[in-house]
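Reviewing the structure listed below.
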Amino acid sequence: MAKIIYAGSNNTSYQQADADLEHLAELPVGAKQVRRLCKRIGAERVAQRDAAAVAYQALPLIQRKAAPAQVTPPQVVAVGVDGGRLQILERHPQQTAPPPSATATPPTALAGAAVADTPVLVPAAAGVAATVVSSPLSAAADPAGVVPTVSAALPLPAADLASDDDEAERGQHWREDKIGLLLTLVSTEAKADPCPTIPGHFLNPVRMSRLVRELKKRAPPQAEAAKEADDPLAADEALAANTAQWEPPKVQGKRVVASRRPWEQFGPLVATAAWEQGFFAASRKAFLGDGADNNWTLHRNYFSSFVAILDFIHALSYVFAAACAGRSFATGWEVYQRWIQWVWSGAVNRVLEELTQRQAELGEPAGDEAAGSPRSVVARARTYLSNNQERMRYAEYRRLGLPITTSHVESMVKQMNYRVKGTEKFWNEEGAEEILQLRADYLSDGGVMDTFWKHREATESGQNRYRTAV
């Protein structure tokens, strides 16, 4: 069964998983059976995760902000969150009746401590009765091995199915899945900024133009950037800056959290995973995100003791677009080099001063002005940098040995998308939650699924599972 679940969770489809199993493991299972088993095991893992999150929230605040018993806190940690994409198609809408009751297990069971089962009440969601949830990690909680359904723990409001900002652009079925990445890092704390000069790869015109366009910011055509790169003076300046080197912290371990739940329910899932690894007791802690409000709301509610850091690449994209707005590329590139060095050094106030002057020259954008007009681009950059100024002290972050980009999170989103995203691939809410959980488990370090299988084998009764009629 472990081989089947691994193949079904890490291939592009259940059909491909079946083909791999037959050719590599000599297991002719069938795509339908692979899907059924992945749903069964995925539901068990979702129930365990939800029960741990409920019990974590029931802990006193002082315990939630400390390390669990028998867990040694790491020295340097980082938490990042972002969103991916998948298609949801509910052929049979979920019932809105209140889910059945069960029993919850404290999260210390997940951390390896032996603790008696304690019932915990799940706060009632809109239109759903409050529920008590059970963790299948406790053999005493359910001798028959029956696990509660995903809706029994944290029901998904129907309103979330149509709440994505860019639904109209991407189609009626595209939805957001939330990805959380928890990193254990290795770095040293310095007395001063170890890299005060911005590295040369951020001063390559062609590369920066391509990067900004990939982030869907208004940038000048790449052809103009190529011409600028051929300019001998520009090339000499870029080579001179290439002597600056910055080594980001080394990743020692990672834990992935993924869900289709709304952001207010996703936050406790990430916080629980961080608590289980002792993140809240680490000596140096970072929380990374782009400019989305949901990221910083999650930080404020669950990770306020972590240093909030805005992704440097997103900041760069706004600076680059604003510097070139309404200017020739040669003139804009000169402005960009000055501004991005200030941002790299943490002197965002100097960029905001020049942006304010530039806005005065261009004028404020009209209410119906095109998003790509120079006035709109500059106004948007001013707002973005002003709102995130306190999260852009990059020189101090480098001194502390903390990361300044969300590159690892962005990479993890792509790895999750590999399994769940496709123009002709559709999920229902329950199936999406189950496969997201399994994919996240296999992408995590620490043998999450190995531990699961050992516990599951030890607690199997050998009896058939019968569901009690409601």
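Criterion first (part of a helix (DSSP H, G or I), in contact with a Lys or Arg (Cβ under 9 Å, 6 or more places away or on another chain) and polar (S, T, N, Q)) does N294 satisfy it?
yes
So which of Q48, Q70, Q75, Q57 is on the phi > 0 side of the Ramachandran plot and in the same structural domain as E434 (by TED's automatic domain parsing)? Reasoning before the result, please.
Details: Q48 fails: on the phi > 0 side of the Ramachandran plot; Q75 fails: on the phi > 0 side of the Ramachandran plot; Q57 fails: on the phi > 0 side of the Ramachandran plot.
So the residue among Q48, Q70, Q75, Q57 that is on the phi > 0 side of the Ramachandran plot and in the same structural domain as E434 (by TED's automatic domain parsing) is Q70.
Before we move on, is W342 over 30 Å from Y56 (Cβ atoms) and either touching a helix residue (DSSP H, G or I) at 6+ places or on another chain (Cβ under 8 Å) or modelled with pLDDT under 95 (or both)? Before you say what the answer is, go through the steps one by one.
Details: over 30 Å from Y56 (Cβ atoms): yes; either touching a helix residue (DSSP H, G or I) at 6+ places or on another chain (Cβ under 8 Å) or modelled with pLDDT under 95 (or both): yes.
Yes, satisfied.
Please name all residue pairs, on different chains or six or more residues apart, with Cβ atoms under 8 Å, provided the first residue is in region 10-23 and is assigned by TED's automatic domain parsing to the domain that holds W427 and the second residue is hydroxyl-bearing (S, T, Y).
N10/Y442; T12/Y418
So T459 passes all but one of these: (1) polar (S, T, N, Q); (2) surrounded by 13 or more Cβ atoms within 10 Å (Cβ to Cβ); (3) at pLDDT 90 or above. Which condition number does it fail?
Every listed condition holds for T459 apart from (3).
The values are calculated or read from the model by the stated rules, or taken from the named source; none is laboratory data. Predicted model only: the values in this text are computed from it and were never measured. When we count neighbours, we look across all protein chains shown, and the Cβ atoms used for this are built from the backbone with ideal geometry, even at glycine.
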